[in-house]
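All of the numbers you see were taken from the coordinates with simple rules; none came from a lab. Because the structure is predicted, anything quoted here is derived from the model rather than measured. In this analysis, Cβ positions are derived from the backbone assuming ideal geometry, glycine residues included, and neighbour counts consider all displayed protein chains.
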Amino acid sequence: KYCSFSMKRKYNASLTESAKRHQFNEKVQTISKNGDGIVDPKSRHMEYWDMLTLLLLLYTATVTPYEIGLLPTRLNTLFYVNRLVDLCFLIDMWIQFHLPYHDHFGHLVMLKPSIRKHYLRGWFTLDLISILPFDILALATNSQELKN
């Protein structure tokens, strides 16, 4: 039950890739059953989610410049589609707070406080700024500067 760090590292190095994946899946299932809410980054659901967020990023990269440069802010279909996109990115931010990451040694970090700290020190600020609803502020304040 109690072994040294070097013994654990030697043991983990000897595992095959499929055994490591199986071991990871068991840990994620165990942690998730305990209510910690860790998301399995290799699950089929995450693959679909990653594809969806990629499509939403492509949509944002193509539509937003056109919208900002040429269209006034109005309550139209595009406005509501953009709110749906913002909601998806907000959900993605929540997922990032529960998604394990690899540290600089290549080890998978699954401790929630470490995951949170890693995300807050990394992409969190940019993610948050990217979903701020400037067009809602423009409509609410009736500001011509923000509308244009």
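Each residue of the range 44-146 gets 127 Å³ once the volume of the Cα convex hull is shared out per residue. Normalised by the number of residues in the range 44-146, the average gap of Cα pairs under 8 Å and 6 or more apart makes the relative contact order 21 percent.
For a Förster distance of 35 Å, can you work out the FRET efficiency between the beta-carbons of Leu58 and Leu120, rounded to the nearest 0.05? Each step should come with its number before you reach the end.
Details: r = 27 Å, r/R0 = 0.76.
Efficiency at R0 = 35 Å is approximately 0.85.
Roughly how many debye, to the nearest 20, is the charge dipole of the range 44-146 about its Cα centre, given +1 on each Lys and Arg Cβ, -1 on each Asp and Glu Cβ, and no other charges?
Details: 7 positive and 9 negative charges, 64 e Å.
Roughly 300 debye for the range 44-146.
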